[in-house]
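Below is one structure, written out as structure tokens; comments come after it.
The values are calculated or read from the model by the stated rules, or taken from the named source; none is laboratory data. Predicted model, so just to flag it, every value in this text is computed and none were measured. FYI the Cβ positions are ideal-geometry reconstructions off the backbone, even for glycines, and counts take in every protein chain you see. Accessible surface is based on the protein model in full, side chains and every heavy atom, while ligands, DNA and RNA are left aside. Shrake-Rupley method; radii C 1.70, N 1.55, O 1.52, S 1.80 Å.
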Amino acid sequence: MNEFAVELRDVVKKFITPEGNELNAVDHVDMQIRNGEFFSMLGSSGCGKTTSLRMIAGFEWPTEGEVYIEGKLMGHTPPFQRKVNTVFQSYALFQHMSVYQNVAFGLEMEGAHRDEIKKRVMRALEMVQLTGMENRRPKQLSGGQQQRVALARALVKTPDVLLLDEPLGALDLKLRKEMQLELKALQQQLGITFIYVTHDQEEALTMSDRIAVMSRGKVMQMGTPVEIYERPRNRFVAEFIGESNFLEGQIKSLSANEASVFIPALNAEVTGTPASEGLVNGEQVFVSIRPEKIHLTEHSERLNTFEGEIASTVYIGSNTHVVVHIGDVRLKVWEQNRISRLEPSSFYTNGQKVDLMLMPENTLVLKKD
Amino acid sequence: MNPHRRSLFILVATVLVYTFLYAPIVGLILYSFNSSRTNVTFEGFIPSFSGRVVMEGSLVKSSPCGPFHWYCDLAKNADVLEAAGNTLTIAFIATIVSTIIGTMAALALQRYEFKIKPFTQLSLYIPIVIPEIVMGIGILTLFSQFFGWFNGLLGLTGDARLSMGIVTVTISHIAFMVPFVTLVVQARLQGFDKAYEEAAMDLGANEWITFRRVTFPMILPGVLSGALLAFTLSLDDFVITFFTNGPGSTTLPIYVYGLLRRIITPQVNALSTVWILIVFLVVLLLQWLQSREAKPQH
């Protein structure tokens, strides 16, 4: 077996907009998706994630570059000759067929024997817990059940790669969370490569082995959920995944593990960790720090500590969201409510002076573009 | 306007609309049972059954079919049967051909982008909006020019010559029916999600199997509505048929028109009644199909 289930090599997909302009929906994308991996493409609408998926499925052909599946060059291979199957966002269940006929369709196309088809369809329906529903029409099923039929219909073909285009988008939050865990369990049990398209960062972080964060047709960063969240390589990723505070400044000194950045707004130097590639001394940069990683203390003498003033506090249950002003700089700080008490915000009052501690390992130095 | 006057207005409007829409039809059906042969005034139903037709002046006193005398008379009329046969033959063939062409056109317009697409779409409306008589004359001119040229070229004479007949009528019907079918099928395709076809191909079906197993069954109600609309249009077309028919290709509308120019016996009414019933059934079927189509998909 090839090391990579799917490979995109320098893939470009151009579309002509209705105004007649050329648009790179996918802009020089390289991706290697390993066998057995749960891989997510994450981004807001129009970032090129669905177009990339459709090029793997064979519904679109790249304008430039190549798609490989299991090491084989795809070129203009039509969808029905690719060993990948898709779960569509709209499910696209055949309305004029029963659940059984929907799931059996793909096996019929392979020319499988009737008994064989029956055995495999029943097993697939059992896998998605739809036993007993085989004679229903898609219309007679709930959204969650339709989603399972779509899943069974694709999985019954035992594809090398399963492509999922926002498959949980139409479900309500509770069902979505359940299905996330179920999908992940199914993927681990079957060992099939899943390529999952979503705009929901939490969904991507929960389920994926690796994530490609995309924007405007480009891959902004590819990595494990931990890498993406803890070491975003640029401001886009730091902002798109979770929340971050950004401070503008200039690098004053730089080593492999540490950078000292002068922040004019604070009129002070902050020590942080270089996170972008190719940083150079003297460069204008952003310093990024996540709200939950800022420590508020009554008083501290440690490195990267600044005196600020509480501007507002909002209690949201598990956390308290605090806004702190240091001069003109506004920082979001999330404090976990670790102790149960009835007046949670009484610890901080507006106008109170506090010390903010920005630990160097939490303070990331990012390139400015 | 107070509510009382408004309800009066609605009442009057309703009565007027129904009077002008249906009174002629009711009258026409009633007169098909007229005992008067001249059919100028209604002289009452034919009162009794008897072994043979008994006439008294222009009044039919009794008949083997009783009140249905004119229907039996009609069934014995070879010209009517021939005209009915022609009408149905033309309608069936023209419906099948125009449905196939119209459906393919609708699919092509839905699916592909091409330079002359706006023109193609516009050209669909032309046969619908231009007066039928203009189209009739146009088709007549086309055929007679072509036949003249072709017969001259091959030196055909007598019966061997190409001339107007059932074939020209059928071709003309196909020509004006295609746009109707296309527009009806296009309306159905508007809500058709491309993902269904992609799903079929994703599961291993090639283009043809995708069409046969997925696309066609899903658009079938639209195709059937288009076909039935085309069928009724062909059944009662007069103008275009008038210009393109020839010996032996008389259709029912042309035949009725011919009868009207001579004498109107209740036979015409009987014929019209049967015809109305047939068209009514087709329209009912059409309505039923469309109501099924309109039901929510989810």
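Checking A:52, A:44 one by one, the residue that is in a loop (DSSP other than H, G, I, E, B), away from every other protein chain (no Cβ under 14 Å) and either of a type in the set (D, E, K, R) or touching a residue at least 12 places away in the same chain (Cβ under 8 Å) (or both) is A:44 and no other. Taken over region A:244-259, the criterion of being in contact (Cβ under 8 Å) with a residue 60 or more places away in the chain and part of a loop (DSSP other than H, G, I, E, B) is satisfied by A:258 alone. Within the bounds of region A:175-197, is there any residue that is within 12 Å of another protein chain (Cβ to nearest Cβ), touching a residue at least 12 places away in the same chain (Cβ under 8 Å) and not in a helix (DSSP H, G or I)? Checked region A:175-197: no residue is within 12 Å of another protein chain (Cβ to nearest Cβ), touching a residue at least 12 places away in the same chain (Cβ under 8 Å) and not in a helix (DSSP H, G or I). Counting only residues that are open to solvent by 10 Å² or more (accessible area, probe 1.4 Å) and over 15 Å from residue A:118 (Cα atoms), region A:147-157 holds 1 of them. Against the definition (in contact with a helix residue (DSSP H, G or I) (Cβ under 8 Å, 6 or more places away or on another chain) and surrounded by fewer than 22 Cβ atoms within 10 Å (Cβ to Cβ)), how does residue A:31 come out, yes or no? Answer is yes for this residue. Considering each residue of region B:150-157 in turn, none proves to be in the same structural domain as residue B:134 (by TED's automatic domain parsing) and buried (at least 20 other Cβ atoms within 10 Å of the Cβ). The lone criterion from (1) modelled with pLDDT under 90; (2) open to solvent by 60 Å² or more (accessible area, probe 1.4 Å); (3) assigned to a strand (DSSP E or B) left unmet by residue A:280 is number (3).
Report yes if some residue within region B:157-169 is farther than 25 Å from residue B:120 by Cα, more than 14 Å from every other protein chain (Cβ to nearest Cβ) and of a type in the set (Ser, Thr, Tyr); otherwise report no. Within region B:157-169, one or more residues are farther than 25 Å from residue B:120 by Cα, more than 14 Å from every other protein chain (Cβ to nearest Cβ) and of a type in the set (Ser, Thr, Tyr). Scanning region B:170-214 for residues that are β-branched (Val, Ile, Thr), more than 13 Å from every other protein chain (Cβ to nearest Cβ) and open to solvent by 20 Å² or more (accessible area, probe 1.4 Å) gives B:171, B:174, B:178, B:184.
Provide a single number: the residues in region B:41-75 that are surrounded by fewer than 18 Cβ atoms within 10 Å (Cβ to Cβ) and closer than 21 Å to residue B:277 by Cβ. Final tally of qualifying residues: 6. The residues of region B:104-134 that are under 21 Å from the mean Cα position of the chain (by Cα) and of a type in the set (Phe, Trp, Tyr) amount to a single one, B:125. Criterion first (open to solvent by less than 50 Å² (accessible area, probe 1.4 Å), modelled with pLDDT under 95, under 21 Å from the mean Cα position of the chain (by Cα) and within 8 Å of another protein chain (Cβ to nearest Cβ)) does residue A:88 satisfy it? Against the criterion (open to solvent by less than 50 Å² (accessible area, probe 1.4 Å), modelled with pLDDT under 95, under 21 Å from the mean Cα position of the chain (by Cα) and within 8 Å of another protein chain (Cβ to nearest Cβ)), residue A:88 qualifies. Of all residues in region A:143-172, exactly one satisfies the criterion of being part of a helix (DSSP H, G or I) and touching a Gly at 6+ places or on another chain (Cβ under 7 Å), namely A:153. Confirm whether residue A:286 is within 26 Å of residue A:43 (Cβ to Cβ), open to solvent by 40 Å² or more (accessible area, probe 1.4 Å) and touching a residue at least 12 places away in the same chain (Cβ under 8 Å). So residue A:286 does not fit the description; no. None of A:296, A:366, A:254, A:358 is under 20 Å from residue A:230 (Cβ atoms), out of contact with any helix residue (DSSP H, G or I) (no Cβ under 7 Å at 6 or more places or on another chain) and open to solvent by less than 70 Å² (accessible area, probe 1.4 Å) except A:358. For region A:111-119, indicate whether the set of residues that are touching a residue at least 24 places away in the same chain (Cβ under 8 Å), part of a helix (DSSP H, G or I) and crowded, with 17+ Cβ neighbours inside 10 Å is non-empty. No, region A:111-119 contains no residue that is touching a residue at least 24 places away in the same chain (Cβ under 8 Å), part of a helix (DSSP H, G or I) and crowded, with 17+ Cβ neighbours inside 10 Å.
Yes or no, residue by residue, for (1) of a type outside the set (A, V, I, L, M, F, W, C); (2) under 19 Å from residue B:165 (Cα atoms); (3) modelled with pLDDT of 85 or more:
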| position | (1), (2), (3) |
| --- | --- |
| B:74 | no, no, yes |
| B:81 | no, yes, yes |
| B:87 | yes, yes, yes |
| B:90 | no, yes, yes |
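Is it the case that residue A:128 is within 12 Å of chain B (Cβ to nearest Cβ) and within 25 Å of residue A:171 (Cα to Cα)? In short, no. For residues that are in contact (Cβ under 8 Å) with a residue 40 or more places away in the chain, closer than 18 Å to residue B:276 by Cβ and not in a strand (DSSP E or B), scanning just region B:9-40, find the one that is nearest to the chain's Cα centre (by Cα). By that ranking, first place goes to B:25. Taking (1) among the aliphatic types (A, V, I, L, M); (2) touching a helix residue (DSSP H, G or I) at 6+ places or on another chain (Cβ under 8 Å); (3) away from chain B (no Cβ under 14 Å) in turn, residue A:93 satisfies each apart from (3).
Let's see how each residue does on (1) out of contact with any strand residue (DSSP E or B) (no Cβ under 9 Å at 6 or more places or on another chain); (2) away from chain A (no Cβ under 14 Å); (3) not hydroxyl-bearing (Ser, Thr, Tyr):
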{"position": "B:228", "(1), (2), (3)": "yes, yes, yes"}
{"position": "B:235", "(1), (2), (3)": "yes, yes, yes"}
{"position": "B:240", "(1), (2), (3)": "yes, yes, yes"}
{"position": "B:254", "(1), (2), (3)": "yes, yes, yes"}
{"position": "B:260", "(1), (2), (3)": "yes, yes, yes"}
{"position": "B:266", "(1), (2), (3)": "no, yes, yes"}
{"position": "B:277", "(1), (2), (3)": "yes, yes, yes"}
{"position": "B:291", "(1), (2), (3)": "yes, yes, no"}
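Residues to consider are A:53, A:107, A:125, A:93; find the one that is over 32 Å from the mean Cα position of the chain (by Cα) and surrounded by 21 or more Cβ atoms within 10 Å (Cβ to Cβ). None of the others qualify; the one that does is A:107. Residues considered: B:7, B:32. Of these, the only one that is among the hydroxyl-bearing types (Ser, Thr, Tyr) and either out of contact with any Ser or Thr (no Cβ under 9 Å at 6 or more places or on another chain) or at pLDDT below 85 (or both) is B:7. Every test in (1) within 14 Å of the chain's Cα centre (by Cα); (2) open to solvent by 10 Å² or more (accessible area, probe 1.4 Å) is passed by residue B:101 save one, and that test is (1).
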